[in-house]
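Since the structure comes first, as structure tokens, the remarks are kept for the end.
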Amino acid sequence: MLSDISFIPQITVLAAFTLAAALLIVTPGPDMTLTVGKALTQGRAAGFAAMFGATSGIIVHTLLAAYGLSALLAASETAFLAVKVAGALYLVWLAVQSVRKGSALSLDMKPEPRRGIARVWLQGVAINLLNPKIVLFFVTFLPQFVSSGDPGARGKLVFLGFYFIALSIPAGAAMILTAERFSSALKRSPKVMKTVDWLFAGLMGAFALRIVTAAAK
């Protein structure tokens, strides 16, 4: 039997996180643009290099968010709650931007010099680490699945971050292996991307409402 401070969340929490993560993974962004773009212009090896570069960046974000937020929780549950409420406002902003501006995926690939696999990997790391939206997102998204009174919060935050990566790799690999068909399908059916935008907006709005109602109790 798992102890109360197990790093594995309850099955209901894990199921909710899985559903949320799955939608987030297929929501277009800079990482997807780079990965699909490299696969189309330089081949699958470059696509995988870009994907693993972005994954390396997510590992850094996960560890920084987990250790920073767990330290904040240890110092003050009230401060941790304040971060979650501030996160709710940010999630609402993301929802509005998703509907207003649409996906961040660009399928118009411009010719560029071919780069070595190592440089493509570094490009993936840089795009991920230097994107302030990703920093804010991990700080606001991960805490929604951890209780402020949980003594195992740090372990759960780390677990969820790496679990997110485990879910994203197969999806990314599928996009790389079918990059040409994937991009062609999206160009033929822009409504698909719009539907994803609305689903993303609904998810972020639901999280924000959940935080606000929990804080009001």
**Request:** Express in nm, to one decimal, how much length is gained between T195 and R181 on full extension, taking 0.36 nm for each residue of separation and deducting their alpha carbon distance.
**Result:** 3.1 nm
**Asked** Carbon and sulfur: what percent of segment 17-57's accessible surface (1.4 Å probe)?
**Response** 72 percent
**Complete:** The answer for the net charge of residues other than G124 whose Cβ lies under 9 angstrom from its Cβ, with Lys and Arg +1 and Asp and Glu -1, is 0
**Request:** For segment 37-51, take each phi angle, set θ = phi - 60°, evaluate the Karplus expression 6.51 cos²θ - 1.76 cosθ + 1.60, and give the result in whole Hz per residue in order, putting x for glycine and proline.
**Result:** x, 5, 5, 6, 9, 10, x, 5, 4, 5, x, 5, 4, 5, 4
**Asked** Between L64 and A86, how many nm apart are label points set 7 Å from Cα along the C-beta direction?
**Response** 1.5 nm
**Prompt:** How many nm separate the modelled label positions at S147 and W93, each set 7 Å beyond the Cα in the direction of the Cβ?
**Reply:** 3.1 nm
**Request:** With a Förster radius of 22 Å, plug the Cβ-Cβ distance of R115 and L167 into 1/(1 + (r/R0)^6) and report the FRET value to the nearest 0.05.
**Result:** 0.20
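The values are calculated or read from the model by the stated rules, or taken from the named source; none is laboratory data. All values reported here derive from a predicted model rather than from experimental measurement. When we count neighbours, we look across all protein chains shown, and the Cβ atoms used for this are built from the backbone with ideal geometry, even at glycine. We work out accessible area using only protein heavy atoms, side chains counted, and drop any ligands, DNA or RNA first. Shrake-Rupley method; radii C 1.70, N 1.55, O 1.52, S 1.80 Å.
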